[in-house]
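Let me begin by presenting the structure, written as structure tokens, before commenting on it.
The values are calculated or read from the model by the stated rules, or taken from the named source; none is laboratory data. Since the model is a prediction, treat every value here as computed from it, not as a measurement. In this analysis, Cβ positions are derived from the backbone assuming ideal geometry, glycine residues included, and neighbour counts consider all displayed protein chains.
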Amino acid sequence: MQNYNILTAQRNAKIVGLFIRLTRRDKKFKYLKLVNKAMKIFLESANEAELKDILIWIEKYIPKNKLYL
């Protein structure tokens, strides 16, 4: 189950990055509405997989008001 949560976190982190890149580079704003859902799944999976180092890094470098759009 932990491997499943790790892969889910990894996949959704990639999805968040792709959606933000598509918005910024290609001006495809329709993807912005999906970022929050992918970010929520990423954070839940990271918590379940106990990826403490990643969660600590996020807490340190990403302000709470910037975590979701």
* Hey, among L34, L7, L18, L22, which residue is free of Cβ contacts under 8 Å to residues at least 24 places away in the same chain and touching a Lys or Arg at 6+ places or on another chain (Cβ under 8 Å)? -> L22
* Which condition number does K64 fail, the rest of (1) at pLDDT 95 or above; (2) exposed (fewer than 11 other Cβ atoms within 10 Å of the Cβ) being met? -> (1)
* State whether one or more residues within segment 39-58 are out of contact with any helix residue (DSSP H, G or I) (no Cβ under 9 Å at 6 or more places or on another chain), modelled with pLDDT under 95 and of a type outside the set (S, T, Y). => no
* Among the numbered conditions (1) surrounded by 14 or more Cβ atoms within 10 Å (Cβ to Cβ); (2) over 14 Å from L67 (Cβ atoms); (3) touching a residue at least 12 places away in the same chain (Cβ under 8 Å), tell me where F42 comes up short. => (2)
